[in-house]
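Note sheet for the following structure.
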Amino acid sequence: MNRILLSLIVFLLMNQAPLPAQNTDPDNDAGDKASFTPDASVVYKETPQGELKLNFFYPEGHSKEDKTPAIVFFFGGGWTSGSPQQFFPHCDYLASRGMVAISAQYRIKNKHDTTPQDAVRDAKSAMRWLRSHASEYGIDPERIAAGGGSAGGHLAANTPIEDFCNEPGEDTTVSSRPSALVLFNPVIDSSPQGYGNDRMGPDWKEVSPLHHVDENTPPVIVFLGTKDKLIPVSMVEGYQRSVEDAGGRCEVRLYKGQPHGFFNYNKPKYYYETVIEMDKFLASLGYIEGEPTLQKP
């Protein structure tokens, strides 16, 4: 190879633009979260694998003397990967609408070598911690909603189930039950006919929200794409029927042709549409007032 050709190859390699990082996790498509910064990050749990934090977004002028409705989000990632940043945009928006909005860290397999049940325990711990400390953070303990996407939706949907999968030694007299659920393509059936059963083990029923629906299931809204290859429409519709048969409220919003993770911030059209519906649902419960303020992309 002559020197001129070799020099040209070296020049091209040195000046080649780096390839963009590929996102292999549709549950937790991070998008550009740089402009969304929590107002505070607080440790809510010490585990053998390390500290877990809640990331708080406060309404303007919020103080601990307030008694403000709150919502806690749990990120997706198949109980294996993911980051609380997934729901920072949702938190930022709901804080602008007057809620205290929180995105929770919990244990995941890739980072902590833990199980889905450990993640469920963390979600319940987060709810109990927040309820126990509500007066310190200006939160109404009777109006704390839970939300999440995919595996995070599974965690949120498990927080009303108080008889199983609690952290040993935790004060279970403090309720982990949320006052409402906001679920994005959630895993709500952990049976062999559902999703993730191979990761749940023989005690799958303890952490299968569909199998614990009762008259105490809080009001819930579910967002799902009709082309979701992980969570079929029939699964969510079965959950809806169970909630309604128990006398509860379950609203389902279907998005034609959309896959798993379609609602994330880097999908502007569907991020906007789902957030607007989330806003209306929370407003119907009296958690926020007025019309949605999110600008259409």
**OP:** Mind giving me the FRET efficiency for residue 252 and residue 215? R0 is 25 Å, r the Cβ-Cβ distance, nearest 0.05 is fine.
**Re:** 0.80
Original post:
When the chain is treated as a GNM, springs tying every alpha-carbon pair under 10 Å, which of 65, 244, 273 comes out with the largest mean-square fluctuation?
Top reply: 65
Original post:
Rg(Cα) of the chain divided by 2.2 N^0.38 Å?
Top reply: 1.07
Subject >> the range 164-179 residues near the modelled residue 67 label - backbone nitrogen below 20 Å, point 7 Å along Cα→Cβ >> reply: 174-179
Original post:
In the chain, which whole DSSP H runs stretch at least 20 Å along their own axis (Cα) and average -0.5 or higher on the Kyte-Doolittle scale?
Top reply: 268-284
Subject >> Order of 83, 284 - criterion: other Cβ atoms within 10 Å of each residue's Cβ, fewest first >> reply: 284, 83
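Could you tally the net charge around residue 95, taking each other residue with its Cβ under 14 Å from the Cβ of residue 95, Lys/Arg +1 and Asp/Glu -1?
Combined, the nearby Lys, Arg, Asp and Glu give -4.
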Subject >> Residue-count net charge about residue 104 - beta-carbon cut-off 10 Å; Lys, Arg +1, Asp, Glu -1 >> reply: +1
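A short reminder: the numbers here are calculations on the coordinates, not readings from a lab. All values derive from a computational prediction rather than experimental measurement. So basically every Cβ, Gly included, is an ideal-geometry build from the backbone, and we count neighbours across all protein chains shown.
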